[in-house]
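Below is one structure, written out as structure tokens; comments come after it.
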Amino acid sequence: MDETNGDRVAIVFDLGGVLVDWNPRHLYKKLFADDPDLMEWFLSDVCTPEWNAMQDAGRPFAEAVAELASRHPEYESLISAYHTRWEEMVAGAIEPTVEILKDLRKAGYPLHALSNWSAETFALMRDKFDFLGWFETVIISGEIKLIKPDARIYRLLLSRINRRAEDCVFIDDSLPNVLAARDLGFRTIHFRSPESLREELERMGILINAR
């Protein structure tokens, strides 16, 4: 069913990896052009996902870069590039997912976004993607100093949109984030590709009505 208690279910999208093609490899493939193995080591052992998550949780990039460079001075310029050349990590929109979002919008579903993203770098993107204006609510982790899968960020979303978890479909490419939402009662979709997302929304009886 696509309705709950007489209201259309709310659709909650993650952004990076679902609607925006963000990947540090888009930048670092240029910087490690001759050594992809070293690039992978750098992104797993120096500029790690855990380090980046701290910026998503609100740590300033300047502080993060300075601290990490003090521990890895031989990679200072490469660490600094994570901040100064951050925009090169964004290849653009994931257009097939944007088409799904457009279908849902056309059908009148309430749309919201909940994303782990640095407040500093999201500010660079806010005006670059028209579809960001389609969301009734956009919650960015770096702006509120909470990060998925912390249950508090999901509860904040529900409070802001005045919905129960079971009245929402939550879409994210991170399995831990999906499982945390599921534990709170959200209907969830683990995003793997736009094609599988469309199939899952059709299975739920949501996207069929959007066509």
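When only Cα pairs below 8 angstrom with a gap of at least 6 residues are kept, region 74-192 shows a relative contact order of 17 percent. Semi-axes of the equivalent ellipsoid of region 31-88 are 18, 12, 11 Å, computed as sqrt(5λ) over the eigenvalues of the C-alpha gyration tensor in descending order. All distinct Cα pairs of the chain go into the 1/r average, and the inverse of that average, the Kirkwood radius, is 18.1 Å. Spatial offset of region 93-107 relative to region 125-185 amounts to 18 Å, using the alpha carbon center of each.
A simple charge model with +1 on the Cβ of Lys and Arg, -1 on the Cβ of Asp and Glu and nothing else charged puts the dipole of the chain at about 760 debye relative to its Cα centre. Take every pair of alpha-carbon atoms less than 8 Å apart whose residues are at least six positions apart; their mean separation over the length of the chain yields a relative contact order of 28 percent. If you take every residue apart from Leu158 with its C-beta less than 12 Å away from the C-beta of Leu158, what net charge results, scoring Lys and Arg +1 and Asp and Glu -1? Residues close to Leu158 contribute a combined charge of +3.
Grouping the Cα pair distances of region 110-211 into 10 Å bins from zero gives a pair-distance distribution of 14, 45, 36, 5 percent in increasing distance order. Helix content alone sets the calculated 222 nm mean residue ellipticity of the chain: runs of n ≥ 4 DSSP H residues at -39500 (n - 2.57) each, divided across all residues, give -13000 deg cm²/dmol. In this structure Ile144 has an accessible area near 40 Å², from a 1.4 Å probe over the protein heavy atoms.
Relative to the longest principal axis of the Cα atoms of the chain, the long axis of helix 95-106 makes an angle of roughly 30 degrees. Within the accessible area of the chain, the carbon and sulfur atoms contribute 48%, probe 1.4 Å, all protein chains present. DSSP beta bridges in the chain, what fraction antiparallel, as a percent rounded to 5? Bridges in the chain are about 20 percent antiparallel. Under the simplified labelling scheme, the Asn162-Asp34 pair shows an inter-label distance of 6.2 nm, with each label point 7 Å from Cα along Cα→Cβ. For region 1-104, the relative contact order is 42 percent, taking Cα pairs closer than 8 Å that sit 6 or more residues apart in sequence and dividing their mean separation by the residue count.
The values are calculated or read from the model by the stated rules, or taken from the named source; none is laboratory data. Just so we're clear, the structure is a prediction, and the values are computed from it rather than from any experiment. As a convention, Cβ positions derive from the backbone with ideal geometry for all residues, glycine included, and neighbour counts pool all protein chains shown. For accessibility, only protein heavy atoms count, side chains too; no ligands or nucleic acids. Shrake-Rupley method; radii C 1.70, N 1.55, O 1.52, S 1.80 Å.
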